[in-house]
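One structure is given below, encoded as structure tokens.
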Amino acid sequence: MKLSFSPEDEKFRQEVATWLKENLTGEFEKLKFRGGPGDEHMFPEERKAWEQKLAEGGWTCVGWPEKDGGRGCTIEQQVIFFEEYARAGAPGRVGHIGEGLAGPTIIAFGSDEQKKKYLPGIVAGKELWCQGYSEPSAGSDLANVKTKARFDEAKGKWIINGQKVWTSLAHESEFVFVIARTDPDSVAHKGLGFFLMKMDQPGIDVRPIEQLTGTSEFNEVFFDNAECEADDIVGAPGDGWKVAMGLLGFERGVSTLGQQMQFQNELDEIVKIAKANGVAKDPAMRQRIADAHIGLQIMRYNSMRMLSGGGDGALQKEAMIYKLFWATWHRSLGELAIDVMGPEGELLESAPYNLTRLQSMFLFVRSDTIYGGTNQIQRNIIAERALGMPKEPKVHIK
């Protein structure tokens, strides 16, 4: 896909940039360049307020259809918004799971009642969502989920039992979407359901997971006879895998351009440090910085190809390589950051974890090639689903 921006698009770009410049001030000034990967614990209440500020300006859900509460922006305008958002140093979005994953999935697969019930809160920036996918035995292998859902005829509700793990911002969220097994005798991707659930209820227990950085934006979530309304399953029982895969397609949509602008901000900071401390004079370091720049451009061009697909969340071949590429690239960028900083990168201003942004980034990116599907699993997906190669043989250990 080759994007070209019309005069109207450039006027839109100026509108976005001007609004961000005028509003990332006062109480929101301190949020600039904060709240990204490894930094999501910073300023949670202020970033919630920022979500509602965005909503007041009409800058949430810009790519959603107008009939669903969005701005109805074109692909070009969405690209512009995410690029200008990152360029302005606007903070990491605490509402991104609702806006980028839950909402588009409900729009594509949900009922009219579900749209009326859940979309307005996301658009208003007042209701945050988290993702109930990974489990202790079903991380990269999502089809191995053990969480169960049974329908209680007497209550007229689904009853959910099980455990989810690595649930980002579960402690801040009002709602969660959950993959659970509706058929207890089913295996793999069959017999699954996709459920929309309220977090604040008896039977849901959120426990923080302390990370290497000393922070806890990830959580374990336990479901002990938690309840889900009968009308809050998306699609029919057994459709869970189809809906879940559609959601993953939305995850690799236009917001990837914004992610890349955040990467650009990190690379710019690394270059600034390299020039200041003299590391940029080292030919080997200059080559590594150049390689990082080239990799970022490759990401951008591939994202343009990804954006030429439809709006049903279907994973195209171009999208299947994206996670493997950016995760490996970003991990290397973290290593480059530490090497450029030199001894300064190993020092803290104060105890216990007063990390700089690049120090936090370095520690966090160790997980990039693990969460969301490990690099090994991503290679299997590329081989089997993109290239049509035979599936990896299953090994049964007795």
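The values are calculated or read from the model by the stated rules, or taken from the named source; none is laboratory data. Quantities reported herein were computed from a predicted structural model and do not represent experimental measurements. Here the Cβ is made from the backbone with ideal geometry for all residues, glycine too, and neighbour counts use every protein chain on show.
Can you pull out the residues in segment 108-148 that are in contact with a strand residue (DSSP E or B) (Cβ under 8 Å, 6 or more places away or on another chain), modelled with pLDDT under 95 and among the acidic types (Asp, Glu)? Residue satisfying the conditions is Glu135 alone.
I'm trying to understand the selection: among the residues of segment 281-317, which are at pLDDT 95 or above and either small (Gly, Ala, Ser) or touching a Pro at 6+ places or on another chain (Cβ under 8 Å) (or both)? Answer for segment 281-317, where residues must be at pLDDT 95 or above and either small (Gly, Ala, Ser) or touching a Pro at 6+ places or on another chain (Cβ under 8 Å) (or both): Ala284, Ala290, Ala292, Gly295.
The single condition among (1) surrounded by fewer than 18 Cβ atoms within 10 Å (Cβ to Cβ); (2) touching a residue at least 12 places away in the same chain (Cβ under 8 Å); (3) in contact with a helix residue (DSSP H, G or I) (Cβ under 7 Å, 6 or more places away or on another chain); (4) in a helix (DSSP H, G or I) that Leu212 does not satisfy is (4). Selection over segment 54-72 of residues that are surrounded by 18 or more Cβ atoms within 10 Å (Cβ to Cβ) and either in a helix (DSSP H, G or I) or in contact (Cβ under 8 Å) with a residue 24 or more places away in the chain (or both) gives a count of 10.
Strands (runs of 3 or more DSSP E) fully within segment 138-202 that include at least 1 residues being within 19 Å of Asn219 (Cα to Cα) and in contact with a Ser or Thr (Cβ under 7 Å, 6 or more places away or on another chain): 157-164, 175-181. Please tell me if Leu101 is at pLDDT below 95 and among the hydrophobic types (A, V, I, L, M, F, W, C). Answer is yes for this residue. Applying the condition of being surrounded by fewer than 16 Cβ atoms within 10 Å (Cβ to Cβ) and in contact (Cβ under 8 Å) with a residue 60 or more places away in the chain to segment 345-368 and asking which residue is farthest from Arg379 (Cα to Cα) yields Pro352. Against the list (1) crowded, with 18+ Cβ neighbours inside 10 Å; (2) of a type outside the set (D, E, K, R); (3) within 30 Å of Ala55 (Cβ to Cβ), the condition Ala149 fails is (3). Of everything listed in (1) more than 16 Å from Asn144 (Cβ to Cβ); (2) modelled with pLDDT under 95; (3) surrounded by 20 or more Cβ atoms within 10 Å (Cβ to Cβ), the single unmet condition for Met197 is (2).
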